[in-house]
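Undergrad: Just dropping this structure here.
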Amino acid sequence: RYFARDGRPGLGGNDLFISRLENGKWSLPVNLGYPINSRFDEAGLIVEATRPIAWFSSDRNPGRGKDLFSFELPETMRPSAVSYLKGIITDATDGHSVPSTIRLTDLDSGKLLRALQPEENKGNFLLCLPAGRRYGYQLTAEGYLFVSGNLDLPAGSTDLHPVVEEFRLRRIAPGSTTVLNNLFFATDSWRLLESSAVQLDEMAQFMKLNSGVVMEIIGHTDNTGTAGHNLELSAKRAVAVAEALKSRGIEPWRLSTMGKGATVPVATNETEAGKSLNRRTEFRVKEIRKP
């Protein structure tokens with residue numbers, strides 16, 4: 001953040017300073033120095049969105065009041081790179097907008113970064129996020145199966161050119177399915193990685209809030225390896241997820257598992273991107289019992 005202050009060591013009246021948020025704490029303010037600051041009052045620094053040009057006001061020209069000045073920000077003074085995610089949330093059946101709870105987490109640390117409530121959005125949102133980090137998100141709305149996903153925001157995304165995602169929520173009903181995009185396994189293994197904890201916690205929370213829902217966990221692989229190996233791997237991954245949910249207090253009778261190997265692809269196996277989509281775990285509503 002940039003700010004003007006008179007109470008710190010400086011060149012005169014109000015000087016302009018920069019401080020950065022690091023690990024949840026603001027760093028020691030740094031004076032932007034001469035010739036940006038002067039013995040007069042400087043204030044109101046604003047950085048342009050599309051180029052590293054900053055504007056500020058100063059009364060350094062006596063008799064003229066405050067004037068506007070601009071300069072090119074040195075690399076060390078520029079804001080940290082940010083990207084933007086624009087989300088559009090709709091009902092998968094009829095396409096109407098669905099105000100939702102939106103939770104954004106840092107996948108590597110598991111820390112909750114942002115939570116938007118339904119009253120804060122009308123089925124669409126725009127989030128400004130630091131680039132170069134892995135984010136996980138989950139969207140929930142009463143009566144709907146949640147949607148989860150992850151993204152590495154590319155450098156260069158701006159408020160004028162954000163990453164745009166459309167999320168289609170399915171009502172909770174037998175047969176409704178969602179893909180668990182934030183479950184991560186070790187390569188060619190059914191061992192869940194620590195970065196899966198956020199998704200597992202959210203799954204458990206969903207089941208506790210919907211106590212009559214019985215779920216089936218379905219594992220899928222790409223076509224690498226033999227059919228028998230893939231079938232076994234997908235089945236063991238589904239079981240690993242079920243066991244993790246049981247350890248979070250979900251009753252065993254509410255969970256069943258199935259492995260389908262590479263038999264139900266959703267994309268081509270000729271590309272790495274397609275294989276990544278085929279390696280997935282699904283969460284399907286098997287039945288709904290009255291509490």
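Undergrad: Output yes when any residue across the range 132-146 is at pLDDT below 85, open to solvent by 10 Å² or more (accessible area, probe 1.4 Å), more than 22 Å from Leu209 (Cα to Cα) and assigned to a strand (DSSP E or B), and no when none is.
TA: Kept after step one, since they are at pLDDT below 85, are these residues of the range 132-146: 132-134.
The next check asks that each one be open to solvent by 10 Å² or more (accessible area, probe 1.4 Å); those that pass are 132-134.
Next cut, more than 22 Å from Leu209 (Cα to Cα) only: 132-134.
Among the residues that remain, those that are also assigned to a strand (DSSP E or B) are: 134.
Yes: the range 132-146 contains one or more residues that are at pLDDT below 85, open to solvent by 10 Å² or more (accessible area, probe 1.4 Å), more than 22 Å from Leu209 (Cα to Cα) and assigned to a strand (DSSP E or B).
Undergrad: Can you tell me which residue in the range 118-128 is modelled with the lowest pLDDT, limited to those that are open to solvent by less than 70 Å² (accessible area, probe 1.4 Å) and outside any strand (DSSP E or B)?
TA: Asn121
Undergrad: Still on this model: Please list, ordered by first then second residue, the pairs with beta carbon atoms under 8 Å, 6 or more apart or interchain, first in the range 267-288 and touching a residue at least 60 places away in the same chain (Cβ under 8 Å), second assigned to a helix (DSSP H, G or I) and among the small types (Gly, Ala, Ser).
TA: Cβ pairs passing all conditions: Thr281/Ala238.
Undergrad: Are there any pairs with C-beta distances below 8 angstrom linking a residue in the range 73-84 that is within 26 Å of Tyr135 (Cβ to Cβ) and outside any helix (DSSP H, G or I) to a residue that is modelled with pLDDT of 80 or more and open to solvent by less than 50 Å² (accessible area, probe 1.4 Å), with the two at least 6 apart or on different chains, and if so which?
TA: The qualifying pairs are Arg78/Val47; Arg78/Pro52; Pro79/Val47; Tyr84/Leu127.
Undergrad: A follow-up question, please. Could you check the range 48-57 and list, in sequence order, the residues that are open to solvent by less than 60 Å² (accessible area, probe 1.4 Å) and modelled with pLDDT under 85?
TA: Pass one, the range 48-57, residues open to solvent by less than 60 Å² (accessible area, probe 1.4 Å): 48, 52-54, 56-57.
Result: Glu48, Pro52.
Undergrad: Of the residues Gly261, Gly219, which is on the phi > 0 side of the Ramachandran plot and touching a helix residue (DSSP H, G or I) at 6+ places or on another chain (Cβ under 9 Å)?
TA: Details: Gly219 fails: on the phi > 0 side of the Ramachandran plot.
Of Gly261, Gly219, the one residue that is on the phi > 0 side of the Ramachandran plot and touching a helix residue (DSSP H, G or I) at 6+ places or on another chain (Cβ under 9 Å) is Gly261.
Undergrad: Answer with yes or no whether Asn181 is under 30 Å from Pro130 (Cα atoms) and either open to solvent by 40 Å² or more (accessible area, probe 1.4 Å) or in contact with a helix residue (DSSP H, G or I) (Cβ under 6 Å, 6 or more places away or on another chain) (or both).
TA: On the way: under 30 Å from Pro130 (Cα atoms): yes; either open to solvent by 40 Å² or more (accessible area, probe 1.4 Å) or in contact with a helix residue (DSSP H, G or I) (Cβ under 6 Å, 6 or more places away or on another chain) (or both): yes.
Yes; evaluated as a whole, the condition is true for this residue.
Undergrad: Can you tell me which residue in the range 232-265 is surrounded by the fewest Cβ atoms within 10 Å (Cβ to Cβ), limited to those that are closer than 16 Å to Arg191 by Cβ and either touching a His at 6+ places or on another chain (Cβ under 7 Å) or free of Cβ contacts under 8 Å to residues at least 24 places away in the same chain (or both)?
TA: My answer is Ser247.
Undergrad: Go through the residues of the range 209-224 one by one and say whether even a single one is touching a residue at least 12 places away in the same chain (Cβ under 8 Å), assigned to a helix (DSSP H, G or I) and within 15 Å of Arg284 (Cα to Cα).
TA: Residues of the range 209-224 that are touching a residue at least 12 places away in the same chain (Cβ under 8 Å), as a first pass: 210-224.
Filter again for assigned to a helix (DSSP H, G or I), leaving none.
No, the conditions are met nowhere in the range 209-224.
The values are calculated or read from the model by the stated rules, or taken from the named source; none is laboratory data. In this text, all values refer to a predicted model and were calculated from it rather than measured experimentally. Cβ coordinates were reconstructed from backbone atoms using ideal geometry, including for glycine residues, and neighbour counts include every protein chain displayed. These accessible areas exclude ligands, DNA and RNA; they are computed on the full protein's heavy atoms, side chains included. Shrake-Rupley method; radii C 1.70, N 1.55, O 1.52, S 1.80 Å.
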